[in-house]
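Throughout, read-outs are computed from the coordinates displayed, never taken from laboratory work. Being a predicted model, the structure only gives us computed values, none of them experimental. Glycine gets a Cβ as well: all are built from the backbone with ideal geometry, and neighbour counts include every protein chain shown.
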């Protein structure tokens, strides 16, 4: 069975394809013409032009399962975010609906398409969505378009923060931690779920060609709630460093995010420190239930944050990233 993944040159896409190949599937990476494919190794690659409908249709004509992972998490404008997340979904779905062999369209969305919550109160798939950011709103619109327009069985996956080998966002935190610092925004503890790339791949594989997953939304997490302190401690242990906490008062943190926004506009490139990300970072908790995935898919992750973070740190070192 041929499994194609868009946005395959990045951390998530390449990680999914490596996992699928290890399970005996035929992986196929769909990437833009200019994409750096270093993370893909010898996985087969096809260069894709989203603005060329005939090219899209041709490239997925022999695909069995299409996993749409391409998009953007930060942009300088809402329109750019819509183009990247809703627009690409629309274009790809048009081609998918016309494909003679495609069995299923799987959309990698985000917990951000739902809403933040409070400790002990994880959201479930049937809860009303109230996204805070351009990113979350664009992902929700992509979900809604898929549900309305797909003539194929579809599945929507909403992962919480994903980490693992190749993750550059997690790398930045590791670099700060290696210097002995843990940066905390505000003085209140924050809570979140986490999911390792292998756990996400396992959940997705359980959705593939599975009628129980057709036309469904699933949250993706490892099933545990973590505090910011626990995640930081696991990272420090993996790096074998002693750390000190640096608490940034909320008003100062907000000013830093605003300045990051301005710097991004000057540089013509969005920075990870921006006002949109501020809305997510300042929320007390991003928590979701995986009961639906457990019940319908038999998803049964065995959380091991310390082990996975150690493996990720080791990968960074071996790749000379850290």
Distance between Cα centroids, region 233-296 to region 164-212: provide it in whole Å. 12
Nearest 10 degrees, 0 to 90: what angle lies between the long axis of helix 228-239 and the longest principal axis of the chain (Cα atoms)? 90
Quote to one decimal, in nm, the extra length available between residue 209 and residue 315 on full extension: 0.36 nm per residue of separation minus the C-alpha distance between them. 34.9 nm
Distance from a point 7 Å along Cα→Cβ of residue 173 to each backbone N in region 299-319: keep the residues under 19 Å and list them by number. 302-317
When the Kirkwood radius is taken over all Cα pairs of region 1-58, what Stokes-Einstein diffusion coefficient follows at 37 °C and 0.692 mPa s, in µm²/s? 287
Report the calculated FRET efficiency for residue 188 and residue 225 (r = Cβ-Cβ distance, R0 = 22 Å), to the nearest 0.05. 0.90
Taking the Cα atoms only, what angle lies between the long axis of helix 250-267 and the longest principal axis of the chain, rounded to 10 degrees? 50
Cα pairs beyond 33 Å in the chain, in percent, come to 23
Could you tell me whether region 108-264 comes out rounded, prolate or oblate from its Cα gyration tensor? Rule is a ≥ b ≥ c as square roots of the eigenvalues, rounded for a/c under 1.5, then prolate if a/b exceeds b/c, otherwise oblate. prolate
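Mind sorting 207, 177 by how few other Cβ atoms lie within 10 Å of their own Cβ, fewest first? All intermediate terms of the calculation are to be shown ahead of the outcome.
Values: 207 25, 177 22.
Fewest-to-most ranking of 207, 177: 177, 207.
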By DSSP, what percent of the beta bridges with both residues in the chain are antiparallel, rounded to the nearest 5? 10
If you rank 282, 1 by fewest surrounding Cβ atoms within 10 Å, what's the result? 1, 282
Taking the convex hull of the alpha-carbon atoms of region 230-322 and averaging its shadow over every direction gives an area in square nanometres of 9.3
May I ask you to sort 271, 16 by Cβ crowding, counting other Cβ atoms within 10 Å and putting the fewest first? 271, 16
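Rounded to two decimals, what is Rg over Rh for region 20-127 when you use alpha-carbon atoms and the Kirkwood radius? It would help to have the intermediate numbers written out before the result.
On the way: Rg = 16.2 Å, Rh = 16.0 Å.
Dividing the radius of gyration by the Kirkwood radius yields 1.02.
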Just to be sure I understand the model, the point goes 7 Å from the Cα along the line to the Cβ. What's the resulting residue 121 to residue 101 distance in nm? 4.9
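For every helix of n ≥ 4 consecutive DSSP H residues, a contribution of -39,500 (n - 2.57) applies; sum these over the chain, divide by its total residues, and give [θ] at 222 nm rounded to the nearest 500 deg cm²/dmol.
Details: 12 runs with 130 residues, N = 322.
Per the formula, -12000 deg cm²/dmol.
How high is the relative contact order of region 145-283, given as a whole-number percent (alpha carbon pairs under 8 Å, six or more residues apart)? Present the calculation step by step, with values, prior to reporting the outcome.
Values: 167 pairs, mean separation 43.0, N = 139.
Relative contact order, region 145-283: 31 percent.
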Could you tell me how many degrees, from 0 to 90 and to the nearest 10, lie between the Cα long axis of helix 168-178 and the main elongation axis, the longest principal axis, of the Cα atoms of the chain? 20
Express in nm, to one decimal, how much length is gained between residue 130 and residue 37 on full extension, taking 0.36 nm for each residue of separation and deducting their alpha carbon distance. 30.0 nm
